[in-house]
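The values are calculated or read from the model by the stated rules, or taken from the named source; none is laboratory data. This structure is a prediction, so every number in the text was calculated from the model and none was measured. Ideal geometry is used to build each Cβ from the backbone, glycine not excepted, and the neighbour counts take in all protein chains shown. To get the accessible areas, we keep the full protein, side chains included, count just its heavy atoms, and leave off ligands, DNA and RNA. Shrake-Rupley method; radii C 1.70, N 1.55, O 1.52, S 1.80 Å.
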Amino acid sequence: MDDLQILGVIVVLGITCYAMRAGGYVLATSLRDDGLIARFLRLAPGNLFIAFIVAGCLSGGLAGLAGTLAALVTMAITAREWAALGAGFGVALATAAIGAQ
């Protein structure tokens, strides 16, 4: 594949990405605020987070589980995402370091 073809692929992907974002914005502005789809979309970020985190917890072993539990407890206490992420990563790192010895 020569440079001109690569540049063409990049341009096509950029246009496609922009068109999808613009189309999503237009579609989202046409939805009612009190409809079923609007309520579902408000719940979607949490659902996606759970879907991704479960896979990580199950494949991370004890360190992943300990980090997840620490993040959940910290989030419940502080209601701060960055504090929960820091606590989760810290506990996961410490658990992995202790388990490696």
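Brief remarks follow.
- Screening the candidates GLY60, GLY46, GLY56 for the property of being within 19 Å of the chain's Cα centre (by Cα), closer than 30 Å to VAL91 by Cα, loosely packed, with under 10 Cβ neighbours inside 10 Å and not hydroxyl-bearing (Ser, Thr, Tyr) yields one hit, GLY46.
- Residue match in the range 72-91 (condition: polar (S, T, N, Q), in a helix (DSSP H, G or I) and open to solvent by less than 50 Å² (accessible area, probe 1.4 Å)): yes
- Beta carbons closer than 7 Å, at least 6 apart along the sequence or on distinct chains, pair a first residue in the range 28-46 that is assigned to a helix (DSSP H, G or I) with a second that is exposed (fewer than 10 other Cβ atoms within 10 Å of the Cβ) for ALA38/ARG32.
- Search result, residues across the range 9-43 that are of a type in the set (Gly, Ala, Ser) and either surrounded by 10 or more Cβ atoms within 10 Å (Cβ to Cβ) or at pLDDT 90 or above (or both): GLY14, ALA19, ALA22, GLY23, GLY24, ALA28, GLY35, ALA38
- Some residue of the range 57-65 being modelled with pLDDT under 75 and hydrophobic (A, V, I, L, M, F, W, C): no
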